[in-house]
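Asks: Below are the structure tokens for one structure; questions will follow.
The values are calculated or read from the model by the stated rules, or taken from the named source; none is laboratory data. Everything numeric here is computed off the predicted structure, so don't read it as measured data. Positions of Cβ are generated from backbone atoms using ideal geometry, with glycine treated the same way; all protein chains shown enter the neighbour counts. Just the protein is used for accessible areas: all its heavy atoms, side chains included, with ligands, DNA and RNA removed. Shrake-Rupley method; radii C 1.70, N 1.55, O 1.52, S 1.80 Å.
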Amino acid sequence: MKTICLFFCLLLATYTSIKAQDSTAMLCATPPMGWNSWNLFEEKVSDSLLHEIADAMVTNGMKDAGYKYIIIDDLWTGGRDNKNRLIADPVRFPNGMKAVADYVHSKGLKLGIYSDAAPLTCGGVTGSYGFEELDAKTFASWGIDYLKYDYCNAPEDVTTAFARYKKMGDALKATGRPIVYAICEWGQRKPWLWASAAGGQLWRTTWDLRDTWQSNNKNLTGIMEVFDQQEGLTQYAGPGSWNDPDLLMVGLYGKGSSSNAGTNGKGCTPAEYKSHFALWCMLAAPLIVNSDLRHLSAETLQLLTNKDLIAVNQDSLGKQAETIYKKEDIQVLKKELANGDVAICILNRSNSPKSGLLSLQKDLDIWKPFTAAKEVFQNKTVKKTDKLSYQLEAHACTVYRMMR
Ligand code: GLA
């Protein structure tokens, strides 16, 4: 009798501890990966489009590569019903939002949505201010897994921003559903200092990224401007809390809408998209694509599913890369990885090709011994690791995984 009793006690204890682990599992232990409707679709986002995007993410191999969130951005809502509950635009979402979530979940993916900490969103439709609890409950009841919460039409001061973000953060927690909370006030109030305390797992660090390498205009954020603004933020990144330098422009080739504002409208070159993706992987940035997954070129798809780069991005240590060398348009970044390996990215910022050789010890001050180095674009491993060579066209980069 005693033995049976002990057995059941043990069983109960194990069950309770598994349950406890479940409910406290960390949201976004690694940077979120997915797709977002902004820039390319904007007010055209719809039920049927989302079905097709979810299908494409599964069939084109992106799901297997780790992408899982399908995120609906601004301009999805049709206002509130007579009980003040948010409703989806009835024309574009004839079956409501829960039906979209059910479909996305049936594909093994997760659904994200968008709102704003003011009465109106950036696109001028209904926001969540004053309805935080109700909206969080509505999102949870639909099966939403991710909320991007914008800050248009809201007061500028940080005290109000924190209070408004925390209000929604608390409301999301109170639903009991694990909903990733993406804070989007464009880095204007140093959110890396307070967004975690407001309940966020990621926070935008800059204004919206444009589909251009470099804008040379203070008010326009090309890839290089946004990249440079991540300098100094490494200490704030880690499992469950990520600096967000905005959506990936990879594969847009100037076809987006807002992403073209103020640019020459041509987008980037293939080499520039490769560097953009590699840099975002090095920065432990969220990898949220916004090109059309239904029609990706083989080259874009190969880049977006590069296993070695994704492994660097998703590494469980959660370190954001830091710059360890900058000379004559060559910039080198280093990212420590959980198993003791180190990722090194050599970027050519110049408008002309560059080649050279960098000594690990003398140039980069890295003294750790390595057994091999793998170049991740060429999928080539070399045994000699005391020097790294580069031969790079304009704006291209090379990434090595140094193996311990
Ligand atoms: C802001 C955000 C963008 C996008 C738009 C939608 O500009 O920063 O990412 O969500 O609003 O209107």
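Asks: So if I restrict to the alpha-carbon atoms in the range 322-403, what is the Rg, and what is Dmax, the biggest pairwise distance, in Å?
Replies: Values for the range 322-403 (Cα only, Rg and Dmax): 11.9, 36 Å.
Asks: R0 = 22 Å: FRET efficiency of LYS255 with SER48, Cβ-based, nearest 0.05? Intermediate results must be reported in sequence, preceding the final value.
Replies: Details: r = 20 Å, r/R0 = 0.89.
Plugging the Cβ-Cβ distance into 1/(1 + (r/R0)^6) gives 0.65.
Asks: Now a separate question. Mind checking which of THR371, THR121, THR234 has the largest fluctuation in a GNM of the chain, springs on alpha carbons under 10 Å?
Replies: Between THR371, THR121, THR234, it is THR371 that shows the largest mean-square fluctuation.
Asks: Name the residue farthest towards the positive end of the dipole of the chain from the options CYS397, LEU248, GLY318, assuming +1 on Cβ of Lys and Arg, -1 on Cβ of Asp and Glu, about the Cα centre.
Replies: Toward the positive end, the furthest listed residue is GLY318.
Asks: Then there is this: Any idea what diffusion coefficient the range 73-232 gets from Stokes-Einstein, in µm²/s, Kirkwood Rh on alpha carbon pairs, 10 °C, 1.306 mPa s?
Replies: Details: Rh = 16.5 Å.
The calculation lands on 96 µm²/s.
Asks: Tilt of helix 158-174 relative to the longest C-alpha principal axis of the chain, in degrees (0 to 90, nearest 10)?
Replies: Around 60 degrees separate the two axes.
Asks: Work out the length of the dipole vector of the range 34-152 about its Cα centre, built from +1 on the beta-carbon of each Lys and Arg and -1 on the beta-carbon of each Asp and Glu, and round it to the nearest 20 debye.
Replies: Values: 12 positive and 17 negative charges, 58 e Å.
Taking the Cα centre of the range 34-152 as origin, the dipole is about 280 debye.
Asks: A further question follows. Once you put a point 7 Å from the Cα of ASN217 and another 7 Å from the Cα of ARG404, both along the Cβ direction, what distance in nm separates them?
Replies: With each label point 7 Å from Cα toward Cβ, the separation is 4.7 nm.
Asks: Can you tell me how the range 264-372 classifies by the Cα gyration tensor, rounded, prolate or oblate, using a/c under 1.5 as the rounded cut?
Replies: Numbers: a/c = 2.34, a/b = 1.34, b/c = 1.74.
It is oblate, given that a/c is not under 1.5 and a/b is not larger than b/c.
Asks: Can you give the angle from 0 to 90° between the axis of helix 270-282 and the longest principal axis of the chain, with both taken from C-alpha atoms, to the nearest 10?
Replies: Long axis of 270-282 versus the principal axis of the chain: about 70 degrees.
Asks: Related question: Using a Förster radius of 22 Å, what is the FRET efficiency between LYS362 and GLU328 based on their Cβ-Cβ separation? Nearest 0.05, please. List each step's numbers first, then the result.
Replies: Values: r = 16 Å, r/R0 = 0.73.
Computed FRET efficiency for LYS362 and GLU328: 0.85.
Asks: About its Cα centre, what dipole magnitude does the range 322-403 give when the only charges are +1 on Lys and Arg Cβ and -1 on Asp and Glu Cβ, stated in debye to the nearest 20? Don't skip to the answer; put the middle values down first.
Replies: Working: 14 positive and 10 negative charges, 39 e Å.
Magnitude of the dipole: close to 180 debye.
Asks: For a paramagnetic label modelled at 7 Å from the Cα of SER350 toward its Cβ, which residues of the range 318-342 fall within the zone defined by backbone nitrogen distances under 18 Å?
Replies: Only 325-333 fall inside the zone, counting backbone N under 18 Å.
Asks: Please report, as a whole percent, how much of the solvent-accessible surface of the range 2-313 comes from carbon and sulfur atoms (probe radius 1.4 Å).
Replies: Values: 7210 of 12980 Å².
It is 56 percent, rounded to a whole number.
Asks: Taking +1 at the Cβ of each Lys and Arg and -1 at the Cβ of each Asp and Glu, which of CYS345, ILE330, PHE131 sits farthest along the dipole of the chain towards its positive end, judged by Cα position relative to the Cα centre?
Replies: Farthest towards the positive end: CYS345.
Asks: Sticking with this one: Taking only Cα atoms and a 10 Å spring cutoff, compute GNM fluctuations for the chain and point out the largest among ALA372, ALA182, ALA298.
Replies: ALA298
Asks: Same structure, new question: Taking the 0 to 90 degree range and rounding to the nearest ten, how far is the long axis of helix 96-106 tilted relative to the main principal axis of the chain, both from C-alpha atoms?
Replies: Long axis of 96-106 versus the principal axis of the chain: about 50 degrees.
Asks: For the chain, with every protein chain kept in place, what is the accessible area per residue (1.4 Å probe, Å²)?
Replies: On the way: 17820 Å² over 404 residues.
On a per-residue basis, 44 Å².
Asks: Between TYR165, THR381, TYR146, whose Cα lies farthest towards the positive end of the dipole of the chain when Lys and Arg beta carbons carry +1 and Asp and Glu beta carbons carry -1, centred on the Cα centre?
Replies: The listed residue farthest towards the positive side: THR381.
Asks: Here's a follow-up. If you place +1 on the Cβ of every Lys and Arg, -1 on the Cβ of every Asp and Glu, and leave all else neutral, what size is the dipole of the chain about its Cα centre, to the nearest 20 Debye? Could you put the intermediate results ahead of the total?
Replies: Working: 45 positive and 44 negative charges, 228 e Å.
That gives a dipole near 1100 debye.
Asks: Scan the range 162-261 for trypsin sites (Lys or Arg not before Pro) in coil per DSSP, keeping those whose Cβ has at most 13 other Cβ atoms within 10 Å, and list them by number. Present the calculation step by step, with values, prior to reporting the outcome.
Replies: Working: sites: ARG164, LYS166, LYS167, LYS173, ARG189, ARG204, ARG210, LYS218, LYS255; in loops: ARG189, ARG210, LYS218, LYS255.
Passing sites in the range 162-261 are LYS218.
Asks: How high is the FRET efficiency from THR159 to LYS383, r the C-beta distance, R0 60 Å, rounded to 0.05? Please report the intermediate quantities before stating the final value.
Replies: Values: r = 57 Å, r/R0 = 0.94.
Once rounded, the FRET efficiency stands at 0.60.
Asks: In the chain, what percentage of the DSSP-assigned beta bridges are antiparallel, given to the nearest 5?
Replies: Working: 35 of 61 bridges.
Percentage antiparallel, nearest 5: 55.
Asks: Shape call for the chain from the C-alpha gyration tensor, a ≥ b ≥ c root eigenvalues: rounded (a/c under 1.5), prolate (a/b greater than b/c) or oblate?
Replies: oblate
Asks: In a GNM of the chain with a 10 Å cut-off on Cα contacts, which of ASN290, ASN339, ASN60 has the highest mean-square fluctuation?
Replies: Largest GNM mean-square fluctuation: ASN339.
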